[in-house]
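Undergrad: Below are the structure tokens for one structure; questions will follow.
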Amino acid sequence: MGFVMDGLDAENYDRTYSDRVLIKRIGRYFGPRVKLTVLVSVLVIMGSLVDVILPLLLANGLDTLSSTNAFSSAVWLIGAIVVAGCLSWVFGFFRQWYTAKVVSDVVMRLQRDAFDAILDRDMSFYDEYSSGKIVSRVTSDTEDFSKVMTLSLSLVSQVLLFFLIAVLLFFRSVPLALIALSISPVIIAIALLFRKIAREITRRSQRSMARVNANVQEAITGITVAKNFRQEQHMYDEFKSINAQAYQVNLRTGFTYNGIFPILVTVANLGTTAIIYFGGLSALNHSISAGDWFLFVQSLRLFWFPLTSIASFWSQFQLGLSASERVFALLDAEPRVKQHAQESVPTVRGEIDFKHLFFSYTDQQTVLKDFTLHVPVGETIALVGHTGAGKSSIAKLVARFYEFQGGELLIDGRDIRSLDLRDYRRRLGVVPQTPFLFSGTVADNIRYAHPDATEEDILAAARQIGHGDWLDALPDGLATQVGESGHSLSMGQRQLVALTRVLIQNPSIIILDEATASVDPLTEAQIQEGLDMLLKDRTSILIAHRLSTIQHADRIIVLDRGQIVEEGNHRTLMQSGGHYAQLYNTYFRHQSPDYRPGEGFVPVNLPIEPSLAETAGRHKE
């Protein structure tokens, strides 16, 4: 059992809602479609009335068989049955048609809200939770929700039919009606007994499906790495294990759903047996007519089926409630980045101030402690240091991707927590080390930052990066399809597209995570030319991995464990022979044009710092 449930625990943001709260919240989604919902209800009522009329017609037909006008009565009876059957089909068809429209509209709105919630979540949310499991809530869970909502609307007709049949039975024979109703509490008790079990097993089922989705997505995303290291078998074995777990969970789910209905049918058949026996005795004693006895026998099928359907559906209804619970938990997840205000940001000059700032990803790991840094308008700073020194953390805080725990971060003298983030980020350009491109053309990806840009604007911006020579290498120029995640382009071409995308945005602050770290020398030269123009007169934060980037910075900030240990330009820092000189000798000197292997390092009288391999695991970037 432990294997089956391993890894199926709730996420930290999951919540438990009562059935009443869930049903009330689901009902709000039906509000905009109230007229169509009322129409469905009318069709349900009409269909239920017709379904009740059919056994009543048959019962009256039996009572008139002995009359002198038996033939004409039979003709009228057959005609009435045909008409009632046709009406039942018409009402049923339009009920299902409009039910599908109502449910589809509700699910569409729910998926829209769920996707909107995904866009609103902070970057830390995606660091902590698997994207595949998040996607599962928007797709699989809303699909489960839609199926159960369709059943729910159908169930309304079953409930109404149950009450109509009950009234009819009491009208014809109170003793027999009481016998029929005596079975009802037993059926309801069985259904309630299954309720809690069904709710928990459906939660596990949805979590197992989320694990499958997450594993498949990760496998497809990392297929290149798997093939490079010949790990296809390992990837397959991992999926096989997760899929086997999902199979076991779904097997238990199916047993729960399918196990209750036979039990309910058995109980209902006991009630049917009692009605046939006692009703037959009453007919023989002429306490009731043969037609009434036949009416009870025929009506029992219509009476028990709604009751057993309601009871057995209760366990299936938990599937819809569990699915909606997971979606609502995503909608209600508390943001970690909290704005104190939403002040408009019409312009940004680019002055950045960290004042005694404290930041940690977790309670046990402080990245920046009492951090203070002033970046004037238009200055380009390069952040250097070992892995875990806090370089990326500083950039992410400026982008307001994470929440800091103490101190202040000011943009143009204004608290970043008071700014309208939509306005602010329009004036912020970010170029990651590994750029992401959306499916479409090169022009589409450049236009992503400025949807109103014309083809002429895009071409002009592209030609400012490396004089536009990189466009000649593209098969169709700006119309070249980039493929999924941009994989049709080389890493260098993707980086050039990303730079052009930022350029056309015309931001006031640039955050650059070393755009030349993974490209060839020719592309590096093209990127560097574009950078010189892109960074001009803009405040820029460069996370530096290459000497060419560092040497172009106005000021180099040397970080160690979240603290500034040195700052200045390349020449002064080298002359001081401090921490930066140590880093330069270890990691940057071989990138210098005048470097000659075997010539040794620039002498510095410092103890050797821990290597990157030793420090990589100490701090989270």
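The values are calculated or read from the model by the stated rules, or taken from the named source; none is laboratory data. These numbers were taken from a predicted model, which means no experiment stands behind them. Methodologically, a virtual Cβ is constructed for each residue, glycine included, from the backbone with ideal geometry; neighbour enumeration extends over all protein chains shown. Surface areas here come from the heavy atoms of the whole protein model, side chains and all, with no ligands, DNA or RNA. Shrake-Rupley method; radii C 1.70, N 1.55, O 1.52, S 1.80 Å.
Undergrad: Which condition breaks for Val430 when tested against (1) without any contact (Cβ under 8 Å) to a residue 24 or more places away in the chain; (2) open to solvent by 50 Å² or more (accessible area, probe 1.4 Å)?
TA: (1)
Undergrad: Shifting gears a bit: Only one of (1) open to solvent by 30 Å² or more (accessible area, probe 1.4 Å); (2) touching a strand residue (DSSP E or B) at 6+ places or on another chain (Cβ under 8 Å) is not met by Asp412, so which one is it?
TA: (2)
Undergrad: Across segment 327-343, what is the number of residues that are open to solvent by 20 Å² or more (accessible area, probe 1.4 Å), touching an Asp or Glu at 6+ places or on another chain (Cβ under 9 Å) and part of a helix (DSSP H, G or I)?
TA: Summing the residues that are open to solvent by 20 Å² or more (accessible area, probe 1.4 Å), touching an Asp or Glu at 6+ places or on another chain (Cβ under 9 Å) and part of a helix (DSSP H, G or I) in segment 327-343 gives 1.
Undergrad: If we keep just the residues of segment 251-270 that are of a type outside the set (A, V, I, L, M) and open to solvent by less than 60 Å² (accessible area, probe 1.4 Å), which is farthest from Leu319 (Cα to Cα)?
TA: Applying the filter and picking the extreme gives Gly259.
Undergrad: Now for a separate question. For segment 141-235, which fully contained helices (runs of 4 or more DSSP H) count at least 3 residues that are modelled with pLDDT of 70 or more?
TA: Helices (runs of 4 or more DSSP H) meeting the threshold: 174-182, 184-221.
Undergrad: Looking at segment 564-579, I want the residues that are without any contact (Cβ under 8 Å) to a residue 60 or more places away in the chain and have a partner that is open to solvent by 60 Å² or more (accessible area, probe 1.4 Å) with Cβ atoms under 6 Å, at least 6 apart or on another chain. Which pairs are those?
TA: Within 6 Å, the pairs are His570/Gln551; His579/Val565.
Undergrad: Follow-up question, since we're still on this one. Can you report the number of residues in segment 384-408 which are touching a His at 6+ places or on another chain (Cβ under 8 Å) and touching a residue at least 60 places away in the same chain (Cβ under 8 Å)?
TA: 4
Undergrad: Residues in segment 436-443: is at least one open to solvent by 10 Å² or more (accessible area, probe 1.4 Å) and modelled with pLDDT of 90 or more?
TA: Checked segment 436-443: at least one residue is open to solvent by 10 Å² or more (accessible area, probe 1.4 Å) and modelled with pLDDT of 90 or more.
Undergrad: Related question: Keeping to segment 344-360, report how many residues are part of a strand (DSSP E or B) and open to solvent by less than 60 Å² (accessible area, probe 1.4 Å).
TA: 6
Undergrad: Checking the condition farther than 19 Å from Ile394 by Cα, among the acidic types (Asp, Glu) and modelled with pLDDT under 70, which residue from Glu514, Glu529, Glu599 passes?
TA: Exactly one residue qualifies, and that residue is Glu599.
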